[in-house]
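The values are calculated or read from the model by the stated rules, or taken from the named source; none is laboratory data. A quick note: this is a predicted structure, and the numbers were derived from the prediction, not measured. Note: ideal-geometry Cβ built from the backbone for every residue, glycine included; neighbour counts use all protein chains shown. Surface areas here come from the heavy atoms of the whole protein model, side chains and all, with no ligands, DNA or RNA. Shrake-Rupley method; radii C 1.70, N 1.55, O 1.52, S 1.80 Å.
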Amino acid sequence: MEDVKQPLLSPRVHEDEHHLLPSQTRNASFDADDIPPINGVRDLFRESNKELKKLWCLAGPAIFTSLCQYSLGAITQTFAGQVGTLELAAVSVENSVIAGFSFGLMLGMGSALETLCGQAYGAGRIDMLGVYMQRSWVILLTTALFLSSVYIFAGSILMLIGQTASISKAAGTLSLYMIPQLFAYAFNFPMAKFLQAQSKMMVMAMIAAAALVLHTVFSWLLMLKLEWGLVGAAVVLNASWWFIDLAQFGYIVSGTCGRAWSGFSFKAFQNLWGFVRLSLASAVMLCLETWYFYILILFAGYLKNAEISVAALSICMNILGWTLMMAIGMNAAISVRISNELGAGHPRTAKFSLTVAVITSSVIGIAMAIVLLVTQDSYPYLFTNNTQVKQLVKELNPFLAACIVINNIQPVLSGVAIGAGWQDVVAYVNIACYYVFGIPLGLLLGYKFEFGVKGIWWGLMSGTILQTFVLFLMVYRTNWNQEASIAEERIRRWGGETESRENETEK
């Protein structure tokens, strides 16, 4: 149906406006509803207030949803820590290495819908949203089938990459039980992007809250009260994710999404290869980000006192994960704002929205870091009773606080990239900053110079700082008028208008 001869995701940020194609220049003035030029402090405060309201109507429920969904795994780890140190390490490794690998890949592939659905919704092509979602289901469920082999052989894989025998065996057993969660990811991420594009965040927040309450109660019941241990952890985690999926699907098919959902369609099987290419471009970008700090826990397994190091890092990653959910919520909000506004032909609004989002997220990150530094003597007790683990967590706390500040800015810039459709270019940026610079530096500091966990973490954090700086330069140099024109062409191409016009011309 759609013509995909040209790359879909290409951030042409250095061309002048007079170089645009005729099909793009006809919309050069764009919509009269775009934000007017800001000519003073009064205009700045007025427009900032308007944008903050729009942003937080999206970001508030998105942050709450992200916190609730992340807390499912975090609560499981908390209860596992009460069961024993080995159980905590096993849940942490399974969550971070096995499930983390799958989560990053599936979330990345699903993020293709953030660009397509968001820009199509902004342009009024609402009827295409349901088709995009179904197409993504086909691709992600197929991917989950292939990824299930990673879960089946998780124990051997962990042993092969150097994890201790006890952790590998426990984490491998847990991974077998967690295969249903893998397919829940495949079903969930396209629905989440489908609903986000329409700003239907509140229903997602309500479903996530209900899941969290049930998850907490049943985790306590099965893991501690009935002493099911890791089996109880797997049962509750699987059930919680499938509860979220079924509730969201029920909402979508109930008729509340209007023209966005008109039932199942065979169009979902059309042009799958083109959609796979788009999904892979998105996956590479987000996978490289999602896996990056999970690698920290993997490397910690090679250090002396591996169980202590992994357990302490899992607590730090838990805290970082909770704070990251704030940034990821803002990431989702700014992605929707950017994609909707570019799709509607509002380049100035898109640019202003990202400025407000970056400033807001930075302030939040600094505030959270201050709270963490003030409470560094108390919060480790929530996760473990082991004295050595608590001491190592306290030593890592300054690194954690710095990460929180940086990681509240970086996801917002990534959200801008997703909303504008720059995933392929950002993937190259991530490879260079994270895997060519950050990881080698971390290994050098951690092992060669014997700084241990602190050295590994500092190296990885340096890669994040570099990546954030590069993204900032990309955003700063972007021609937003041109990006709105590119969005218009993208919608026409993937909405089938180009093909229809070619057929009419042939007739």
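Provide the packing ranking of 410-419, 40-49, 127-136, i.e. peptides ordered by the mean count of other C-beta atoms within 10 Å per residue, highest first. Present the calculation step by step, with values, prior to reporting the outcome.
Numbers: 410-419: 26.5, 40-49: 11.9, 127-136: 23.0.
In decreasing order of mean packing, 410-419, 40-49, 127-136 become 410-419, 127-136, 40-49.
With a point put 7 Å past each Cα toward its Cβ, work out how far Phe264 is from Leu214 in nm, to one decimal.
Between Phe264 and Leu214, the simple spin-label model gives 2.3 nm.
Report Arg348's accessible area, 1.4 Å probe, all protein chains in place, as a number in Å² to the nearest 10.
Answer for Arg348: close to 110 Å² accessible.
Hey, got the dipole for region 82-270? About the Cα centre, +1 on K and R Cβ, -1 on D and E Cβ, debye to the nearest 20?
Details: 8 positive and 6 negative charges, 92 e Å.
Here the size comes out at about 440 debye.
Can you find, among Ile297, Val284, Leu272, the residue farthest towards the positive end of the dipole of region 243-362? Put +1 on the C-beta of Lys and Arg, -1 on that of Asp and Glu.
Projecting each Cα onto the dipole axis, the largest value belongs to Leu272.
Counting heavy atoms of the protein chains only and a 1.4 Å probe, report the per residue accessible area for region 283-492 as a whole number of Å².
Value for region 283-492: 35 Å² per residue.
Residues of region 104-143 with backbone nitrogen within less than 11 Å of a virtual label 7 Å along the Cα-to-Cβ line of Asp33, please, listed as ranges.
Residues 122-124 qualify, since their backbone N sits under 11 Å from the label point.
Round to the nearest 0.05 the FRET efficiency obtained for Lys50 and Ala165 when R0 = 56 Å and r is the Cβ-Cβ distance.
Details: r = 59 Å, r/R0 = 1.05.
Plugging the Cβ-Cβ distance into 1/(1 + (r/R0)^6) gives 0.45.
Keeping every protein chain present and rolling a 1.4 Å probe, give me the accessible area per residue for region 86-207 in Å².
Here the per-residue accessible area is 28 Å².
Tell me the volume per residue, in Å³, of the convex hull enclosing the alpha carbons of region 168-308.
Values: hull volume 22.5 nm³, N = 141.
Value for region 168-308: 160 Å³ per residue.
From zero outward in steps of 10 Å, how is the percent of C-alpha pairs of the chain spread across the bins?
Spelled out per bin, shortest first, that is 4, 19, 30, 26, 14, 5, 1, 0.
Compute the signed sum of charges (Lys and Arg +1, Asp and Glu -1) over the other residues within less than 12 Å, Cβ to Cβ, of Leu176.
Values: positive: Lys169; negative: Glu94.
Result for the local shell: 0.
Any idea how far the Cα center of region 106-129 sits from the one of region 366-436, in Å?
28 Å
To the nearest 20 Debye, how big is the dipole of the chain about its Cα centre, given +1 on the beta carbon of each Lys and Arg and -1 on that of each Asp and Glu?
So the dipole magnitude of the chain works out to roughly 440 debye.
Leaving out ligands, DNA and RNA, what percent of the accessible area of the chain is carbon and sulfur, probe 1.4 Å?
Working: 13690 of 20540 Å².
Here carbon and sulfur together make up 67 percent of the probe-accessible area.
Enter the Cα centre distance for the pair region 144-212 and region 293-340, rounded to the nearest angstrom.
If we compute the Cα centre of each part, the gap is 15 Å.
For a bin width of 10 Å, list the pair-distance distribution of region 274-429 built from all Cα-Cα distances, rounded to whole %.
Each 10 Å bin holds this share of Cα pairs: 11, 32, 30, 18, 8, 1.
Among Ala484, Ile359, Val213, flag the residue with its Cα farthest along the positive direction of the charge dipole of the chain, charges on Cβ as +1 for Lys/Arg and -1 for Asp/Glu.
Val213
Could you pull the accessible area for Ser240 with a 1.4 Å probe, rounded to 10 Å²?
For Ser240, the solvent-accessible surface is approximately 10 Å².
Per DSSP helix of 4 or more residues, -39500 (n - 2.57); summed, then divided by the residues of the chain. What does that give at 222 nm, rounded to the nearest 500? Let's see the in-between values first.
Working: 20 runs with 375 residues, N = 507.
Helices in the chain give a 222 nm mean residue ellipticity of -25000 deg cm²/dmol.
Which of the DSSP-defined H helices in the chain satisfy a minimum axial length of 18 Å, computed from C-alpha atoms, and a minimum mean Kyte-Doolittle hydropathy of 0.0?
Numbers: long enough: 41-83 (58 Å, 0.14); 129-152 (34 Å, 1.31); 165-177 (19 Å, 0.68); 179-197 (29 Å, 0.71); 201-219 (26 Å, 2.07); 230-251 (32 Å, 1.19); 272-300 (40 Å, 1.62); 306-343 (50 Å, 1.14); 347-374 (41 Å, 1.69); 387-420 (48 Å, 0.85); 452-476 (37 Å, 1.28); 480-494 (21 Å, -1.40).
In the chain, the long hydrophobic H runs are 41-83, 129-152, 165-177, 179-197, 201-219, 230-251, 272-300, 306-343, 347-374, 387-420, 452-476.
Please compute the length gained on full extension between Leu246 and Gln82, using 0.36 nm multiplied by the number of residues separating them and subtracting their Cα-Cα distance. Don't jump to the answer; show the numbers that get you there.
Details: separation 164, 0.36 × 164 = 59.04 nm, distance 3.08 nm.
Fully extending the segment from Leu246 to Gln82 adds 56.0 nm.
Which value results when the Cα radius of gyration for region 135-249 is divided by 2.2 N^0.38 Å?
Values: Rg = 16.2 Å, N = 115, 2.2 N^0.38 = 13.4 Å.
Compactness ratio reported: 1.21.
Would you rank Trp291, Trp480 by solvent-accessible area, highest first, keeping every protein chain in place and using a 1.4 Å probe?
The ranking, largest first, comes out as Trp291, Trp480.
Pop the C-beta distance of Ser254 and Leu221 into the FRET formula with R0 = 30 Å and round what comes out to the nearest 0.05. Let's see the in-between values first.
Details: r = 31 Å, r/R0 = 1.04.
The formula returns an efficiency of 0.45 here.
Could you work out how far apart the two model spin labels at Asp43 and Leu473 are, taking each label as a point 7 Å from the Cα in the direction of the beta carbon, and quote it in nm?
3.1 nm
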